[in-house]
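The values are calculated or read from the model by the stated rules, or taken from the named source; none is laboratory data. Just so it is clear, the structure is predicted and the values come from calculations on it, not from any experiment. Cβ sites come from the backbone with ideal geometry, for glycine too, and all protein chains shown count toward neighbours.
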Amino acid sequence: MSDIEKVVLHTRRLERLLREQYHAKGQGLLELTESCSSRLPHDVMKKIHLIAEIRQQILDEDETNIESTTAFVQACIECEKELTPRSGRFIWGVAILLMIAMTLGALLFYSIHWDVVAQHLKL
């Protein structure tokens, strides 16, 4: 994958995250971040401005610098992690415990009332 393909792929992911998760409006990274700047953490905004600056350098120059490309990709990955919504461990823990409790309750019910259930199933 060429450097330009990496740049386009990563910036589109960031733009999609900003539009979907933060309801940003506009064209390009800078307009999107400005439209939802009150909802974004300040360190993410700084990284996005850095990403936009490096993107312009990579797209404008004929010869790309490998260091700028790796810095760009690293900054994009960090921003994607911070912009992606995460479910809390508490929510997942409650959901798993609820499923286990319901399964154990069903097993207990059927083990106690199996003779009645078996008559209706004609086993």
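The rows are residues; the columns are (1) surrounded by fewer than 10 Cβ atoms within 10 Å (Cβ to Cβ); (2) assigned by TED's automatic domain parsing to the domain that holds residue 46; (3) in a helix (DSSP H, G or I); (4) among the hydroxyl-bearing types (Ser, Thr, Tyr).
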site: 68; (1), (2), (3), (4): no, yes, yes, yes
site: 72; (1), (2), (3), (4): no, yes, yes, no
site: 77; (1), (2), (3), (4): no, yes, yes, no
site: 96; (1), (2), (3), (4): no, no, yes, no
site: 101; (1), (2), (3), (4): no, no, yes, no
site: 108; (1), (2), (3), (4): no, no, yes, no
site: 111; (1), (2), (3), (4): yes, no, yes, yes
site: 117; (1), (2), (3), (4): no, no, yes, no
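Residues in segment 5-42 that are in a helix (DSSP H, G or I), farther than 14 Å from residue 76 by Cβ and touching a residue at least 24 places away in the same chain (Cβ under 8 Å): 21, 22, 28. Residue 64 meets all of the listed conditions (1) hydroxyl-bearing (Ser, Thr, Tyr); (2) part of a helix (DSSP H, G or I); (3) modelled with pLDDT under 90 but one, namely (2).
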